[in-house]
Every structure is written in structure tokens, then in C-alpha cells.
Amino acid sequence: MNALRRLGVDPLLTDDASQLRKADRVLFPGQGEASGAMAYLHERGLDDVIRTLTQPVLGICIGQQLMCAHSEEGNTDCLGIFDVQVKRFCPTRHEDKVPCMGWNRLYDTKSALMKGIEGQYTYFVHSYYVPLCQETIATTDYILSYSAALQKDNFYATQFHPEKSGSVGEQIIKNFLQL
């Protein structure tokens with residue numbers, strides 16, 4: 001909300017289906033864990049609403065994960081917008097800590113959402129990741145290479161937090177607002 005306000009946007013925070021359908025753009029942030037978040041969406045019928053949105057939609061962090069087909073977190077079926085399985089990080093070395101917390105570089109960027117972002121750092125905090133797939137529009141590395149961002153049609157998603165990523169994150173939000 002604050003990141004949007006800094007850009008001169010007056011956002012509406014809602015879980016009302018009719019408001020979501022009427023919105024010019026939808027930000028789909030998340031907090032918590034996959035099974036609880038999906039239960040919340042399902043109880044309100046928002047899972048079906050989100051799948052059918054035609055305006056630009058941006059999932060952030062668990063919002064990206066919930067847009068995938070399935071998550072290992074709670075063995076949860078998700079929205080299925082991206083046909084990929086969300087996996088838990090499996091550290092192989094002592095210095096690999098989970099959750100991943102900190103700044104990681106983005107590379108192999110594609111899409112208007114990632115315009116001007118190649119090689120920049122964004123802020124991540126998560127224990128689960130989306131493997132590289134056909135819809136990957138930005139890649140990063142932590143323990144292994146994985147999808148930092150995804151796009152399919154009008155659906156965009158970032159594993160990182162643009163709102164916590166300084167001027168780089170602000171540029172990504174601006175890019176989203178210009179889609």
C-alpha cells in the first residue's frame with residue numbers, strides 16, 4: 001500500500017470479488033503459508049475469481065507461489081495459473097540457510113515487467129521456490145537457480161518483494177502500472 005502511495009496511486013485493499021473484477025490492476029500479495037492462504041481464498045470464492053481476471057495481476061512472494069499448480073508447503077493445490085510445482089529449499093551445505101533472506105541479483109530478465117532490471121538486486125525472504133520453467137521472466141540463485149519472476153498472459157508474479165527492494169522494486173511497480 002505504501003509503495004503504491006509513494007507513486008501517487010490511491011490503492012484499495014479488498015477481498016471483495018466485485019471490486020477485484022472492476023480493478024484496473026490487481027496486486028496479489030501474500031503472507032503466511034500456502035494451505036492457510038488457499039483455504040482463505042477458497043472460502044471466499046476468490047480462487048475462481050483470480051483465475052478469471054483479465055486485467056494485469058501481480059502476485060508477490062507467496063502470491064507467486066499460490067499462482068502455481070501445487071506447493072510442497074502443506075501439500076497444497078494452488079490456483080494453477082502457472083503449471084509448475086513449488087518446492088522447498090533443501091540445503092546441501094552448512095552455510096545454506098532456510099529461509100532465504102536477503103538481496104539476490106536478477107538475471108535472464110524478460111517481459112515489460114522486468115524492463116531496466118537486468119543484473120539488479122531485489123529483496124527475498126522465503127523457504128519455498130518456483131523452479132525454472134517456460135514462464136520464467138527473471139532468474140536468481142540461492143542454493144540453486146530458480147524463478148525470481150513469472151509471466152503468463154496477464155498474470156505476473158515475483159518471488160521477491162518489490163515494495164522492499166528500494167529503487168529497483170519501485171521501477172518494477174512502475175513497470176506493472178504501465179502494463
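The values are calculated or read from the model by the stated rules, or taken from the named source; none is laboratory data. These numbers come from a predicted model, not from an experiment. Using ideal geometry, Cβ is built from the backbone for each residue, glycine included, and neighbour counts are taken over all protein chains shown. All accessible areas refer to the heavy atoms of the entire protein, side chains included, with ligands and DNA or RNA removed. Shrake-Rupley method; radii C 1.70, N 1.55, O 1.52, S 1.80 Å.
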_Filtered residue count, segment 110-138, keeping only those that are at positive phi and open to solvent by 30 Å² or more (accessible area, probe 1.4 Å)_ = 2
*Looking at (1) open to solvent by 10 Å² or more (accessible area, probe 1.4 Å); (2) in a strand (DSSP E or B), can you tell me which one GLN55 breaks?*
(2)
*Only residues that are assigned to a strand (DSSP E or B), acidic (Asp, Glu) and more than 16 Å from the chain's Cα centre (by Cα): list them for segment 71-98, please.*
ASP77
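Could you count how many residues in segment 1-31 are charged (D, E, K, R), under 17 Å from ASN175 (Cβ atoms) and part of a loop (DSSP other than H, G, I, E, B)? Working first, answer last.
Going through segment 1-31, the residues charged (D, E, K, R) turn out to be 5-6, 10, 15-16, 21-22, 24-25.
So of that shortlist, the ones also under 17 Å from ASN175 (Cβ atoms) come out as 6, 24-25.
This time we only want the ones that are part of a loop (DSSP other than H, G, I, E, B), so: 24-25.
So the answer is 2.
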*Does segment 26-47 include one or more residues that are closer than 17 Å to ASP153 by Cβ, open to solvent by 70 Å² or more (accessible area, probe 1.4 Å) and of a type in the set (Asp, Glu)?*
no
*Cβ pairs under 6 Å, 6+ apart, first in segment 90-107 and modelled with pLDDT of 95 or more and surrounded by 11 or more Cβ atoms within 10 Å (Cβ to Cβ), second acidic (Asp, Glu) and in a loop (DSSP other than H, G, I, E, B)*: none
_Checking the conditions here, which among ILE81, ILE50 is under 18 Å from TYR146 (Cβ atoms), among the β-branched types (Val, Ile, Thr), surrounded by 14 or more Cβ atoms within 10 Å (Cβ to Cβ) and at pLDDT 95 or above?_
ILE81
